[in-house]
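Q: Let me give you the structure first, and then I'll get to my questions.
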Amino acid sequence: MPKHPRPVTESGQIQDQKDELPLPGASQQKKQRIFAGDGRNLQSEFSEVEAQPEKQYIAFEESSVDQGYAQVLSSADKEAKQNISQNKNPSLWCVGFAEESSSNFWDVSSSKSFDHSVDDPMFWGPYLSERQWGTVREDFSEDENSWEHVSYEDANHHAYVSGEDGLMGVSDKCQLLCASMALWNGKDRFLKERLFGLTGNEGNHGEDVKELYYYLDNVPDHSYMRALYKYPQGAFPYQWLREENKNRGRDAPEFEITDTGVFEIDGHWDVTVEYAKTDHLGLACQIEAVNNGRFKQTIHIVPQFWFRHVQRNEPIPRMTQNQPEMRAMSDGTVKIKYNFGNWRLIFMQESKQKVTPTLMFTDNVSAPVPEKSCGFDEQAFYKNAFHKVVVNGQMNAVNPENSGTKCGARYEFTVEPGAKVYVHWRLESSTYPMHINLAELKTLFGKKRKDAETYYRAMMPDWTPEERNIGTQAMAGLFWSKQYYMYDVKNWLNDFRGCSENKGRKGRNSSWSHVHNHHILLMPDNWEFPWYAGWDLCVSAVLYARFSPAFAKNQITTFLSDCYMHPKGQLPGCEFEMGDANPPLQPWAVLRIYYADGANDLGFLRKCFHRLLLNYNWWCNSEFESTNTYGRGFLGMDNISVVDRSGSLPHGWSLVQADFTGWMACYALWMLQIVVELGQTDLVYCDLIPRFLNQFLNIATAMNKPVSEKGLWDDEDRFFYDVFHTPHGRIPIRLRSMVGLVPLLACATIKVRKLSTAAVHFDTHLTECPQHVFRLKDDEVFLSALCLPRVQSVLERVFSEEEFMSPYGIRSLSKVYEKNHYSQMVGDQHMSVKYTPGESDSGAFGGNSNWRGPVWVFMNYLLLESFDKYSDRAKRSSSRLVLNKPQSSGGTMGPIPSLIKDLEKRLLAIFLPDKEGNRPVHGSVSRYAVDPKWRNLVLFYEFIHADTGRGCGASHQTGWTATIIEILYRLHSSGTLKSCKM
């Protein structure tokens, strides 16, 4: 089976590099200014600060894009004040996104070389993926089985086509030069260069990483980054993990590396990697390895650096001559020459360790394989050379001339129990050498570490140490999730069709040949989901807006651009199937980011609106038979229904979806909010108010009709359901799930001040649709897809512990189906669903996701937003919103605000340790509670077991689960967190 569709040159570059495009976004040096909360210049006012300890100050950099990253600092922090006043550390407080262009590209037509004098704070970052193998971008197989085409073992010797991966690695902003660490404990089958996990076909619940690693620190400009990897000292149990999970059924839990006992029996290494930026694009790294075993052990540490392959038409700077190269110099340093100029790599020695590294060089090209139908060039030195040297002792595998496109420094340490060793390196521009020694470098790391702690204290000023620990790691995971993502579908299709086995075949995503992705994007999870998904990206961008509105805006405008959006207006789902639509959260994200940045960047709002209008029109084409109801597919909630909502139905059957229709009501409402906001300064947009207002009301009216009248409301159950439209009539899927809760999200309070034309439209509907339009005061109206009695009916089920409310948040499926399974005939097939609070018990959508019971933190957060609005609406009107308990217990549940706070506390309880130190998210792994070195570590799983709080699915899914940060902010802003006892 072909692995690589095009030949490579001796230097490791893919041949046929033509028509290069402009290079992604150059930074511009910006003048720094300091302002007080009232806008006065504070450059000389720090004497006043001492006398006003309660005053808050803001530091930010000017930008043509927006007002940039702003950070409130406590004036009581003397060091922070001095840093700002003396401009000692602008990268910490003014964290660089304001310096980033609004575009992801810059024009290099007038300059062929990279300018090292431009100090771009975003040049280095965590842009290297944790997994490139098993992705669609590397799959050229005829059966489109990406997991098997390039496996974990293949990645050892196979050179990737469309990206790179590494262990806790970094890269430049185009991922041309990559750096990471490799490890060997003397017993592992492989040089540990990347994280191991099961493929979608091997795991009993789909793909799953089987390693322990933690993102501990990161700041928005990545001036300091820290991560921890726990490396077993015994043989890594690759085969055991595979076989045990293969032998387990869907109804059994996953077999994790913590279940093997390797950390307790053989001991393990705590390997911490830290990165710190220096002046003039410099980068330094410190690797610490601690022997947490009972005996003296040996560890090999190999910092490694390499160039990735470059594709045709890539937006990268041109090289003036020759090809990229790494070469050893006589002074022991390594000269690196590539598209971003000339650099020097220095490995710094710990004199007391008395270990001198051995430099190794090879080329980042694939080792020969039996099948060469797609044209491999024979090479003398291959990607797996370091593995051969370190693990197999084949010293002739590396280039004796000490040059190539991949370089490594081999350190071998023998370490006593409890002792630690260090490896240091620094990378500097040849134009601007650092001239710092090892002691100064250690001081730099200490300062950067302290700066990061100060940053987190400023972001979480009143939080307890435990809350700050959770928040810090959630933020760090979010910041580490940035990845340089490269997927040029047209090039990929050409390469796919160039393989002999694929002649005459269309290839995956062939109708998306316009997709030309070469951008730094926020990934849902760097290992399990090293590719973007439409709604995941929106959530990540909104979370990021709290720390850098400029970068958050960049994520949304990039995704709405022609490089992503289909000419028909559709936005891509994910690389496995671009046509699978995700819920349309883009307008929600636009509004949230706009308001997070002070609601003054009308240019951003206007630009996004015009792109969203194309997408909105595409979604409108999914209307079912002019009924103002909608149906199109799974919409991100994989297995939530009795059927595969993206699959085929019996002949003549159609499916109308409550969640799809609810999302469309939300979309219309969000677009209405945007045009009202734009209309404040440009009355042209007011012409669109009737369109979105009327469409919202038409959808709301239609979905509230009973099923018998082509609606989605069931009067008997008082709930929204999906409905089959069959030749014999309409059949509701009377399954109470998150599907029926989505319509709750379609609500908003809209201010129509200064818009007399808008007020006329709203006034008309106040009398025509009083159940959906309600005046709060003269310039505010409240719109809701549900009338208040129906809100009450649905919320009674939401807050009932017999249905949706679990000890850890709102379930995705009612608990009533735990004992009474739901069943239904679909054509001549009998289908059933049962409440499954943890991992999925079916293979639908790969079996690695489950919407039949677990808690999804982000969906809880969206619901909380809507609950706030309903509560405010009830508070500001004569209407009462009183929820009754189930008939079995009787009475009322209490006021809505108290129920909202209770839900927030349940969500936070997932991550807080109990009296014995056990965090529910870690399940039965007791070591997190009893071992001081594990106690403060926190993982952020994709979804949560509704009954136990145990994390399930992807273990580093901060793209969604980092919303716990926002839950903490909500609790602190309301002043109720201090009374929260878990």
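Q: For the stretch 400-420, give me each residue that is open to solvent by 10 Å² or more (accessible area, probe 1.4 Å) and basic (Lys, Arg).
A: 410, 420
Q: Further, regarding this structure: Quick one: is residue 423 more than 30 Å from residue 524 (Cβ to Cβ) and crowded, with 21+ Cβ neighbours inside 10 Å?
A: Working: more than 30 Å from residue 524 (Cβ to Cβ): yes; crowded, with 21+ Cβ neighbours inside 10 Å: yes.
Answer is yes for this residue.
Q: Name the pairs: first residue in the stretch 404-424 and touching a residue at least 24 places away in the same chain (Cβ under 8 Å), second residue among the acidic types (Asp, Glu) and open to solvent by 50 Å² or more (accessible area, probe 1.4 Å), Cβ to Cβ under 8 Å, at least 6 apart or on different chains?
A: 404/325; 405/325
Q: Only one of (1) of a type in the set (Val, Ile, Thr); (2) within 25 Å of the chain's Cα centre (by Cα); (3) over 11 Å from residue 232 (Cβ atoms) fails for residue 287. Which number is that?
A: (2)
Q: Scan the stretch 208-234 for residues that are open to solvent by 10 Å² or more (accessible area, probe 1.4 Å) and more than 27 Å from residue 544 (Cα to Cα) and jot them down.
A: Of everything in the stretch 208-234, nothing turns out to be open to solvent by 10 Å² or more (accessible area, probe 1.4 Å) and more than 27 Å from residue 544 (Cα to Cα).
Q: Within the stretch 455-566, considering only helices (runs of 4 or more DSSP H) that don't extend past its boundaries, which have at least 1 residues that are on the phi < 0 side of the Ramachandran plot, within 12 Å of the chain's Cα centre (by Cα) and not aliphatic (A, V, I, L, M)? Quick ask: steps written out before the conclusion?
A: Working: elements: 465-480, 489-498, 534-545, 549-559.
Answer list for the stretch 455-566: 465-480, 534-545, 549-559.
Q: Could you list all residues from the stretch 891-928 that are assigned to a loop (DSSP other than H, G, I, E, B), of a type in the set (D, E, K, R) and free of Cβ contacts under 8 Å to residues at least 12 places away in the same chain?
A: Going through the stretch 891-928, the residues assigned to a loop (DSSP other than H, G, I, E, B) turn out to be 891, 893-895, 909-919, 923-926.
Among the residues that remain, those that are also of a type in the set (D, E, K, R) are: 914-916, 919.
Of everything in the stretch 891-928, just one residue is assigned to a loop (DSSP other than H, G, I, E, B), of a type in the set (D, E, K, R) and free of Cβ contacts under 8 Å to residues at least 12 places away in the same chain, namely 915.
Matching residues to (1) of a type in the set (Lys, Arg); (2) at pLDDT below 95; (3) out of contact with any strand residue (DSSP E or B) (no Cβ under 6 Å at 6 or more places or on another chain):
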{"position": "752", "(1), (2), (3)": "no, yes, yes"}
{"position": "766", "(1), (2), (3)": "no, yes, no"}
{"position": "775", "(1), (2), (3)": "yes, yes, no"}
{"position": "808", "(1), (2), (3)": "no, no, no"}
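Q: Can I ask one more? So, of the residues in the stretch 326-341 that are within 33 Å of the chain's Cα centre (by Cα) and surrounded by fewer than 19 Cβ atoms within 10 Å (Cβ to Cβ), which turns out to be modelled with the lowest pLDDT?
A: Among those residues, the one meeting the criterion is 341.
Q: Now for a separate question. Given the structure, is residue 180 open to solvent by less than 10 Å² (accessible area, probe 1.4 Å), in contact (Cβ under 8 Å) with a residue 12 or more places away in the chain and farther than 29 Å from residue 393 by Cα? Before you say what the answer is, go through the steps one by one.
A: Numbers: open to solvent by less than 10 Å² (accessible area, probe 1.4 Å): yes; in contact (Cβ under 8 Å) with a residue 12 or more places away in the chain: yes; farther than 29 Å from residue 393 by Cα: no.
When the stated conditions are applied, residue 180 does not pass them.
Q: Within the stretch 633-670, can you find the residues that are of a type in the set (D, E, K, R) and surrounded by fewer than 19 Cβ atoms within 10 Å (Cβ to Cβ)? If you could, list the steps in order and put the result at the bottom.
A: Going through the stretch 633-670, the residues of a type in the set (D, E, K, R) turn out to be 638, 644-645, 659.
The answer is 644, and nothing else.
Q: Yes or no: the stretch 697-707 includes at least one residue that is in a helix (DSSP H, G or I) and within 29 Å of residue 836 (Cβ to Cβ).
A: Start the filter on the stretch 697-707 by keeping residues that are in a helix (DSSP H, G or I), which leaves 697-703, 707.
This time we only want the ones that are within 29 Å of residue 836 (Cβ to Cβ), so: 703, 707.
Yes, the conditions are met somewhere in the stretch 697-707.
Q: Give just the number: which of (1) outside any strand (DSSP E or B); (2) open to solvent by 30 Å² or more (accessible area, probe 1.4 Å) does residue 281 not satisfy?
A: Against the list (1) outside any strand (DSSP E or B); (2) open to solvent by 30 Å² or more (accessible area, probe 1.4 Å), residue 281 comes up short only on (2).
Q: Six or more apart or on different chains, Cβ under 9 Å: which pairs go from a residue in the stretch 753-776 that's closer than 16 Å to residue 669 by Cβ and open to solvent by 30 Å² or more (accessible area, probe 1.4 Å) to one that's of a type in the set (A, V, I, L, M) and part of a strand (DSSP E or B)? Could you list them?
A: Every condition considered, the pairs that remain are 774/781; 774/783.
Q: What is the one condition in (1) crowded, with 19+ Cβ neighbours inside 10 Å; (2) in contact with a strand residue (DSSP E or B) (Cβ under 8 Å, 6 or more places away or on another chain) that residue 237 does not satisfy?
A: Evaluating residue 237 over (1) crowded, with 19+ Cβ neighbours inside 10 Å; (2) in contact with a strand residue (DSSP E or B) (Cβ under 8 Å, 6 or more places away or on another chain) leaves (2) as the failure.
Q: Working only within the stretch 593-647, note down all residues that are hydrophobic (A, V, I, L, M, F, W, C) and on the phi > 0 side of the Ramachandran plot. Quick ask: steps written out before the conclusion?
A: Step one: list which residues in the stretch 593-647 are hydrophobic (A, V, I, L, M, F, W, C), which gives 593, 596, 599, 602, 604-605, 608-609, 612-614, 618-620, 624, 634-635, 637, 640, 642-643.
Of everything in the stretch 593-647, those that are hydrophobic (A, V, I, L, M, F, W, C) and on the phi > 0 side of the Ramachandran plot turn out to be 599, 635.
Q: Please list, ordered by first then second residue, the pairs with beta carbon atoms under 9 Å, 6 or more apart or interchain, first in the stretch 503-519 and open to solvent by 40 Å² or more (accessible area, probe 1.4 Å), second charged (D, E, K, R).
A: Going by the 9 Å Cβ cut-off, the qualifying pairs are 503/497; 504/497; 505/142; 505/497; 506/497; 513/490; 514/490; 514/562.
Q: Does residue 270 meet the test of being surrounded by fewer than 19 Cβ atoms within 10 Å (Cβ to Cβ) and more than 26 Å from residue 945 (Cβ to Cβ)? Full working, then the answer.
A: Numbers: surrounded by fewer than 19 Cβ atoms within 10 Å (Cβ to Cβ): yes; more than 26 Å from residue 945 (Cβ to Cβ): yes.
Yes: the conditions hold for residue 270.
Q: Hey, does the stretch 717-733 have a residue that's open to solvent by 10 Å² or more (accessible area, probe 1.4 Å), touching a Cys at 6+ places or on another chain (Cβ under 6 Å) and either assigned to a helix (DSSP H, G or I) or not acidic (Asp, Glu) (or both)?
A: no
Q: On to the next question. Report every pair of residues separated by at least 6 positions or lying on different chains whose Cβ atoms are under 8 Å apart, first residue within the stretch 929-944 and over 20 Å from residue 958 (Cα atoms) and in contact (Cβ under 8 Å) with a residue 12 or more places away in the chain, second of a type in the set (D, E, K, R) and open to solvent by 80 Å² or more (accessible area, probe 1.4 Å).
A: Filtered contacts from the stretch 929-944: 929/916; 929/935.
Q: One residue is enough: does the stretch 344-355 have a residue meeting the conditions within 20 Å of residue 303 (Cα to Cα), touching a residue at least 60 places away in the same chain (Cβ under 8 Å), open to solvent by 40 Å² or more (accessible area, probe 1.4 Å) and touching an Asp or Glu at 6+ places or on another chain (Cβ under 7 Å)?
A: Scanning the stretch 344-355, I find at least one residue that is within 20 Å of residue 303 (Cα to Cα), touching a residue at least 60 places away in the same chain (Cβ under 8 Å), open to solvent by 40 Å² or more (accessible area, probe 1.4 Å) and touching an Asp or Glu at 6+ places or on another chain (Cβ under 7 Å), so the answer is yes.
Q: Taking the stretch 577-618, which residues are surrounded by fewer than 21 Cβ atoms within 10 Å (Cβ to Cβ), under 22 Å from residue 656 (Cα atoms) and either touching a Phe, Trp or Tyr at 6+ places or on another chain (Cβ under 8 Å) or among the aromatic types (Phe, Trp, Tyr) (or both)?
A: Of everything in the stretch 577-618, those that are surrounded by fewer than 21 Cβ atoms within 10 Å (Cβ to Cβ), under 22 Å from residue 656 (Cα atoms) and either touching a Phe, Trp or Tyr at 6+ places or on another chain (Cβ under 8 Å) or among the aromatic types (Phe, Trp, Tyr) (or both) turn out to be 579, 580, 618.
The values are calculated or read from the model by the stated rules, or taken from the named source; none is laboratory data. Quick caveat: nothing in here was measured; it's all calculated off a predicted structure. All Cβ positions, glycine included, derive from the backbone under ideal geometry; neighbour counts span all protein chains shown. For the accessible areas, the whole protein counts, side chains as well, though only heavy atoms, and no ligand, DNA or RNA atoms are used. Shrake-Rupley method; radii C 1.70, N 1.55, O 1.52, S 1.80 Å.
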